[in-house]
Amino acid sequence: MSLMKQPLTSLYGKSKNVWPITIFILIFPAQQLVISTPFTPIRIYMIVVVILGLFLSLHNLVFSKSIHYKYDNIDIAIGMLFLYMLFSSLWAVNVLLAMQMAIGIILLLFTYFVLRTILSKRSIVELKSACIQASKLFIILSFSYYIVGLIQHYIFGAPLEIKEGTQVAYMYGVYFEGGILPRLRGICDSPNNFGMYGVFFLASLFLMEKISKFYVTSIIVLMVLTLSYTTYLALILMCSVFFIKRYGVKVTLFFVMIAIGALVIFVINSGLIENIYTDNADIMHRILTGSGRWEIFGFALQNFADNPLLGHGLNQAREVLDPLRHGVRSTHNNFIEILLEGGLIGATLYLVGIAILFTKAGSLKNDRNLNLWAVSSLLGFFIFSNANVTLYADSTILMLAVLASMSVPKYYLITDQIVDKKDGHIEQTKPHRELKKLK
């Protein structure tokens with residue numbers, strides 16, 4: 001048989017335009033595009049997901065041709081955890097709070113499986129390309145929106161309006177904490193959410209065969225401008241993983257030691273060390289107390305003992321924490337939140353899911369860039385999960401859907417061709433059609 005060399009095709013046998021997937025990914029962080037309603041703000045991605053979900057359902061009914069994908073361990077783990085947390089609403093004390101969260105979880109599950117259905121129809125090459133393009137647009141749009149906010153306020157003198165019940169003001173891509181401190185939020189609705197999406201898009205830039213120093217440097221600068229300690233920790237860990245995988249442990253440690261030494265010299269010579277407990281006393285207090293998180297963690301663990309097996313029920317953390325601090329909405333930690341609300345059963349499902357995710361990331365070791373993307377994004381999200389409840393965040397759902405779609409075996413409909421598993425090209429012809437599994 002004669003050998004052939006053609007680009008890897010998608011499921012339907014021909015290359016597809018990745019711009020629809022790129023735009024679909026990009027509407028998730030565009031959190032300021034909302035439609036106000038008497039009940040809750042509706043984000044654009046929610047409308048798009050509902051429309052796509054209805055289209056997929058109608059397609060199956062009208063054409064009697066099922067559009068689906070082969071479920072993977074990641075899908076099963078996510079489904080079981082979310083369904084169990086929904087079930088825990090049955091023993092929640094505050095039923096209204098439980099029902100509010102239940103509606104949100106149902107929407108997130110729907111979003112996840114719509115994403116998986118759509119992304120599973122694309123090749124790994126196409127998914128990589130879409131994530132890279134979305135990352136570049138995310139950087140450009142967020143930087144532009146941030147600059148517009150600064151110019152409007154500081155040059156044109158646009159007044160700030162403090163949001164009712166908070167000490168926060170907004171101006172396009174700028175988040176003014178206390179109405180004074182300008183923190184970057186880009187096209188997201190807060191600096192912390194920008195940090196989470198920054199983790200996803202920074203990791204996506206690692207998918208490039210030749211990594212762009214310009215775009216990587218740009219998103220790192222934007223993440224620094226969020227002035228978020230959690231984002232800084234995630235950024236440091238992700239960059240460390242990148243240098244270790246690219247240059248080895250010894251080289252990474254060498255540069256880390258140089259950076260630490262330079263920082264110490266700067267602090268000593270600048271006189272900052274003399275003012276650290278005076279001018280920055282509030283900042284130091286927040287660092288040492290985790291912004292009050294350590295106290296919340298301890299109180300939550302004490303109350304976990306009241307119902308260790310099943311927990312207190314969905315979205316009941318605020319009810320449990322109210323005697324400690326009125327107005328606290330969560331435990332600020334995924335594991336503790338699930339342990340408190342879902343008990344040991346929920347915590348076990350959560351840990352099993354984490355184990356599956358990191359196992360999947362490790363299984364991608366044959367593709368260096370894809371492995372780097374998976375490991376660095378998971379570690380970045382893991383940092384955020386220990387400082388905030390991120391399990392029910394749209395950024396988490398997007399990351400999980402993309403990871404699952406990139407890591408599970410795919411099926412390609414090949415016409416008279418055999419796929420070369422090593423480089424993703426056509427190896428030779430074959431005189432019939434077959435559905436072949438690409439490992």
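Taking 0.36 nm per residue of sequence separation and subtracting the Cα-Cα distance, how much length would be gained by fully extending the chain between Glu295 and Leu160, in nm to one decimal?
Working: separation 135, 0.36 × 135 = 48.60 nm, distance 3.36 nm.
Going from the current span to full extension adds 45.2 nm.
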ask   = For the modelled label position 7 Å from the Cα of Leu309 along Cα-to-Cβ, which residues of the stretch 340-356 have backbone nitrogen atoms closer than 18 Å?
value = 340-349
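Between Leu253 and Leu351, what length in nm is gained on full extension when 0.36 nm per residue of separation is reduced by their alpha carbon distance?
Details: separation 98, 0.36 × 98 = 35.28 nm, distance 3.03 nm.
Residue separation times 0.36 nm, minus the Cα-Cα distance, leaves 32.3 nm.
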remark   = For the stretch 74-223, the Cα gyration tensor yields equivalent-ellipsoid semi-axes (√(5λ), largest first, whole Å) of 32, 28, 11
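Subtract the Cα-Cα distance of His326 and Val221 from 0.36 nm times their separation in residues, and report this length gain in nm to one decimal.
On the way: separation 105, 0.36 × 105 = 37.80 nm, distance 3.60 nm.
Additional length available on full extension: 34.2 nm.
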ask   = Counting only residues 5 or more places away or on other chains, whose amide H sits under 5 Å from the amide H of Val168 once H atoms are built in the peptide plane?
value = Lys163, Gly178
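Using the per-residue mean of other Cβ atoms lying within 10 Å as a proxy for protection, in what order, highest first, do the peptides 206-213, 114-121, 42-49 fall? Working shown, then result.
Numbers: 206-213: 14.4, 114-121: 20.6, 42-49: 17.8.
Ranking the peptides 206-213, 114-121, 42-49 by packing returns 114-121, 42-49, 206-213.
Rule-based calculations on the coordinates, nothing more; no lab input. What you see is a predicted model, and the numbers here were worked out from it, not measured in a lab. Note that we place each Cβ from the backbone using ideal geometry, even for glycine, and neighbour counts take in every protein chain shown.
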